[in-house]
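These notes are about the structure you will find just below.
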Amino acid sequence: MIQKFNSINLVVQYLRQGILSGTWPVGGKIPSENEICKALDVSRSSVRCALAQYISLGILKSVHGKGTYVSSDQLSPVGLGNVSDALRKAMTTQLEFRRMLEPDICYYTASKITDSQLELLKKTLECMESSAGKSEDFVYYDCCFHEQIADFSENVIASQTIKHIFQESLVYLLDMNRALGSCNAYYYHSSILDMLLKRDALKTRQLMRDHLEKSLSELLLV
């Protein structure tokens with residue numbers, strides 16, 4: 001699974017560099033999916049996943065029958081790409097532990113969540129979207145999203161554990177957001193919310209696992 005996410009990250013960085021360098025200016029058309037697949041030797045699914053993250057942040061826009069165009073060169077949501085050894089070590093440990101815990105929290109929450117709780121998650125996601133590029137605000141709402149899911153599981157220990165993890169690693173979470181951006185978080189949080197709305201416990205669990213593994217692979221790649 002990590003190998004799959006390394007391929008996605010490779011495409012994410014390829015797109016970032018092309019926009020940053022001006023190779024594809026605002027309004028310009030980026031290479032087709034097939035061209036990116038050939039250039040990077042990655043699968044079409046990896047390309048589509050990376051494109052979806054940029055589209056969700058409003059950096060790219062897909063026009064049916066024509067292709068994908070650059071709609072913004074504001075790349076702060078994609079991150080600066082600099083990860084220190086201390087950050088990598090601390091966050092790898094944290095994410096590995098969360099990977100053991102959070103997917104199953106999502107599984108149990110999916111079967112219990114109420115309509116009013118889903119509305120709270122929607123509002124948190126909207127706040128995340130409006131905070132893209134503002135690290136402190138974005139990380140606050142990012143943590144809120146995870147904490148709310150744990151709260152809605154109705155398991156006090158799970159809820160307290162998630163809150164404690166975030167309280168103890170806030171500085172690292174801020175540094176990680178500045179380095180890696182918000183593509184991963186916003187894309188997966190949106191997908192997780194979609195599955196919670198459908199009360200699909202299995203897919204919600206898998207998406208949370210994918211979200212955390214994607215974060216781990218980003219730390220290892222950058």
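The values are calculated or read from the model by the stated rules, or taken from the named source; none is laboratory data. Source: prediction; values computed, not measured. Note: ideal-geometry Cβ built from the backbone for every residue, glycine included; neighbour counts use all protein chains shown.
Observations, loosely collected:
- Flag for Ile105 being crowded, with 22+ Cβ neighbours inside 10 Å, assigned by TED's automatic domain parsing to the domain that holds Thr92 and more than 24 Å from Leu51 (Cα to Cα): yes
Yes/no matrix, rows are residues, columns are (1) in the same structural domain as Cys183 (by TED's automatic domain parsing); (2) in contact (Cβ under 8 Å) with a residue 12 or more places away in the chain; (3) farther than 19 Å from Ala185 by Cα:
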| site | (1), (2), (3) |
| --- | --- |
| Leu20 | no, yes, yes |
| Trp24 | no, yes, yes |
| Gly28 | no, yes, yes |
| Pro31 | no, no, yes |
| Asp41 | no, no, yes |
| Ala50 | no, yes, no |
| Ser56 | no, yes, no |
| Thr68 | no, yes, yes |
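- Any hit, the stretch 98-110, residues being part of a helix (DSSP H, G or I), within 16 Å of the chain's Cα centre (by Cα) and farther than 14 Å from His189 by Cα: yes
- Scanning the stretch 114-152 for residues that are β-branched (Val, Ile, Thr) and at pLDDT 95 or above gives Thr114, Thr124, Ile149.
- You will find that of Cys183, Cys127, the residue that is within 17 Å of the chain's Cα centre (by Cα) and crowded, with 18+ Cβ neighbours inside 10 Å is Cys183 and no other.
- Among the criteria (1) closer than 24 Å to Leu174 by Cβ; (2) in contact (Cβ under 8 Å) with a residue 12 or more places away in the chain; (3) among the charged types (D, E, K, R), the one Lys122 does not fulfil is (1).
- Among the residues making up the stretch 2-55, those that are assigned to a loop (DSSP other than H, G, I, E, B) and hydrophobic (A, V, I, L, M, F, W, C) are Trp24, Val26, Ile30, Val42.
- Figure legend. Inter-residue proximity from the stretch 181-194: first residues touching a residue at least 60 places away in the same chain (Cβ under 8 Å), second residues among the charged types (D, E, K, R), beta-carbon distance below 8 Å, spacing 6+ or different chains. Indicated pairs: Ser182/Asp142; Asn184/Lys214; Asn184/Glu218; Tyr186/Glu129; His189/Asp142; Leu193/Lys122.
- Residue that is within 19 Å of Leu51 (Cβ to Cβ) and assigned by TED's automatic domain parsing to the domain that holds Met128, where the choices are Lys203, Lys214, Lys198: Lys214
- Considering the conditions (1) surrounded by fewer than 22 Cβ atoms within 10 Å (Cβ to Cβ); (2) more than 15 Å from the chain's Cα centre (by Cα), Phe152 is excluded by exactly one of them, (1).
- Counting only residues that are without any contact (Cβ under 8 Å) to a residue 60 or more places away in the chain and either closer than 17 Å to Ser153 by Cα or over 10 Å from the mean Cα position of the chain (by Cα) (or both), the stretch 195-222 holds 2 of them.
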